[in-house]
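Inspection log for the structure reproduced underneath, given as C-alpha cells.
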Amino acid sequence: MPPTAPRPAEPGRRPLDPTGPAVDPTGHEPAAADLARAAARAAADRLAPPAPVGLGDVVPAPERVEPDPAADFTLPADAAVRVSPDPAARDVAEQLADLLRPATGYPLPVTDAAPAAEGLALQLSAAPGETPGTVAAGVGLGPVAGPATPGPVAALGAEGYRLDVTPDAVRITAATPAGLLHGVQTLRQLLPPAIESPAPVAARWAVPGGVIVDRPRFPYRGAMLDVARHFFGVADVLRVIDHLARYKLNHLHLHLTDDQGWRIAVDGWPGLAAVGGATQVGGGPGGAYTRADYRRIVSYAARRHVTVVPEIDLPGHTNAALTAYPQLAPDGVAPPPYTGTEVGFSYLDPDDERTYAFVADVLGEVAALTPGPWLHIGGDEAFKVPADAYARFVERAQGIVAGTGKTVVGWHQIAPAGHADGRVLQWWGTTGDDPATAEAVRRGARVILSPGNHAYLDMKYAPDTPIGHDWAGLVDVERAYGWDPGTHLAGVPADAVLGVEAPLWTESVTSLAEIEFMLLPRLPALAELGWSPRRTHDWASFRRRLAGHGPRWHTAGITFHPAPEIPWPTTGPTGLPSPRPASQPTAPTADLP
Ligand code: TNX
C-alpha cells in the first residue's frame, strides 16, 4: 500500500473523533487504521443530514429511479474521477472534473480506472458489456411495469446510462461517451445547487443514494437559434450549447441565413458574408462566422455530444444573399438590405440555372464543414414562388443535399415536393393536423416536431413579456410542457417522429441574456418531452422538479424567466438567495422592429 497523507479536512463532515484517525508515523497505515477510518466515515455519513436533492428530482425525468436513502454518497476532498482507458470516455471524465472543481475547490484528479478498492471515487465506464462491481441488486432496464432485472450495458443504447450511488462510490456506466455525459449531467443535478458556483463554496457535497437507469424516448432532441435576424457571436452560441447539454438535448439547429443577414462565410461567394452579413434587424452591424468560427462551434458541440444542424433557408428568406449577388434575383436587381421583420417577399429565381450552381456551392461547402448527418434547406414562407416551381426547386435542392452525403431536413412546407430518401420535415404549425405532412410521412418522411403553439420559444410567456411574438399564442411553461410528441400530429405515428426541437427566432431577441430569458425555463420542458418515457409525464411533478433549477441558474449566473406557475424556492436548500426578479431582461430598445 502506498504511503497515505493525512486526510484533508472535509467541510460539512462530522467525524466522530474530531482529531481524525491516527496516521502511522512510518507512513504505512496498518489495516486497523484503515478500518477505523472507514468506520468513522460511515458513521459521519449516517449522522449527516440526508442529501438535499432527491434521486427523482432530475429533469428530464429518468426512465427508472430507485432511491436508497441509506446509500447517500458524500464527495470527499480527496476524490478522484476514475475512468476506463477509452479516450472519449476520458474526455467525459475531464468534463465531469471541470464541472465539479470550481465549486468544490477539490483537485479531482482524473485517473485510470483501478479496482474499486479505493472506494470513494467517481467511476466512468464506457466498455460495452462491462457491469459495475457493486450494483444494487435487481435493477436494470426491464419492462416498465415488470420486475426489475439487471440489464447489460448494451441495452442502454446510444445515449443511455446507469448511475449507481452507494456510500462508497458514484458510478456511471454507459455503452457510449454520449451516455456517460448524460449520466454526468444527472449527477450534476443530484449535487446541491451550490455546485453551480464559479468559486469554492463550503458545503457537504452529498449525492442521494440509489440507482438510475435511463435512456431517451426520441433520438433527436434539439433547439434552434436564429443567428440571422440578430447575429450572436461564437461565445454566445457555445453558452447555448452548454444549456442544451445540461438537459440532454443533442442537436443545435443554427438558422444561418435569412432576409436580414447571411451568417456563414462561403469561399466561392465571399459577398455573402461580407455584404449579406453586414446588417440585422433594426440595422445593427450584424456579422458572420468564418469557417474557423463555425468549426469551433461544431467541435465544442461535438465534445458535448451535440450535433450541429446548419440551415441555409431556400428559396425564400434570401434577401441578404440577393443584396450581394443580384444575378440570383428574378429581376436581376440588387434589393436594399432588409432590417425589418416581414417575411415571404424574397426568393431565388427557381427558373435560372445559376440558382442551382449557387445552391450546390453553398450546400457543398456547408456540408463539408459539418460532421453531423443533417443539412437543413429551410423551405418556409416562399410566398412569391408558384407551387409547381417551388416543388421543382425543393426536389433539386433535395438532390443536391443527397449528393453531399447528408440527409435533408426542411420546414414542413416542403411536404408536397417529391420524396427523397430519409428526408425529415420539421413541423412548425399550430393545428396538429396537416394532410400534406401526413402524406409525406406515408411516403417515408420522418418528422421533427416544433409546434408553434408549444415549442416556439420566441412566443411570449404572457401578455406583458417584454420581448417575443404572440402569433402562435402565448407559451407559458405549462403550455410548453403540455403536449405529447408521440400523438401530436394526425397521421404521424410515434415511430415516424424523429424527435422534438424548440426554435428561438430572434427578431426581438438581441442579447445573450434575452436568449436565456426565452429559453429558461421552457427549454427543460421540451427536453423532458423528448427524453422521458410518457408514463413519467406529470405537470405537478415537473413544476416541482423544475423549481429546483432556479437556484442552480441563479448560482451559475444564467438569466431566466421566474415564471409564476413554478414554485421557485424562496431560499435554496443551501441558503442561497432566491432567484432574482432582476432575471427579467429590460425591453430591447433601438433594435425593436
Ligand atoms: C415564422 S416558423 C418563420 C420565421 C419567423 C417566425 C417568427 C418558420 C419556419 N418561419 O421566419 O422568424 O415565424 O415566429
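Read-outs throughout are calculated quantities, based only on the coordinates presented, and are distinct from any laboratory measurement. Treat the numbers as computed from the prediction; the structure is a model and nothing was measured. Ideal geometry is used to build each Cβ from the backbone, glycine not excepted, and the neighbour counts take in all protein chains shown.
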Hey, can you grab everything whose amide H is under 5 Å from the amide H of T407? Only 5+ residues off in sequence or another chain; H modelled, so Pro and N-termini drop out. W374, L375
Per the C-alpha gyration tensor (a ≥ b ≥ c, the square roots of its eigenvalues), region 266-327 is rounded if a/c is under 1.5, else prolate if a/b beats b/c, else oblate; here it's prolate
Skipping prolines and chain starts, which residues have an amide H placed within reach, meaning under 5 Å, of the one on V306, given they are 5 or more residues away or on another chain? none
How many angstrom lie between the C-alpha centres of region 230-256 and region 356-413? 22 Å
Fewest first, what order do H376, H182 take by the number of other Cβ atoms within 10 Å? H376, H182
Under 1.5 on a/c is rounded, so check that first for region 144-264, then, if it is not, pick prolate when a/b is larger than b/c and oblate when it is not; a ≥ b ≥ c are the square roots of the alpha carbon gyration tensor eigenvalues. oblate
Residue-wise HN-Hα coupling along region 194-199, computed from phi with Karplus coefficients 6.51, -1.76, 1.60 (Hz; x: Gly, Pro): 4, 4, 7, 5, x, 10
Give the separation of the Cα centroids, region 475-509 to region 298-325, in Å. 21 Å
Ranked on Cβ counts within 10 Å of their own Cβ, fewest leading, F560, F383 go F383, F560
Round to a whole angstrom and tell me the spacing of the C-alpha centers of region 430-464 and region 171-203. 33 Å
Give the order of R545, R354 when sorted by the count of other beta carbons within 10 angstrom, beginning with the fewest. R354, R545
Figure the gain on full extension for R291 and A155 (residue separation times 0.36 nm, minus the Cα-Cα span) and round it to one decimal in nm. 45.1 nm
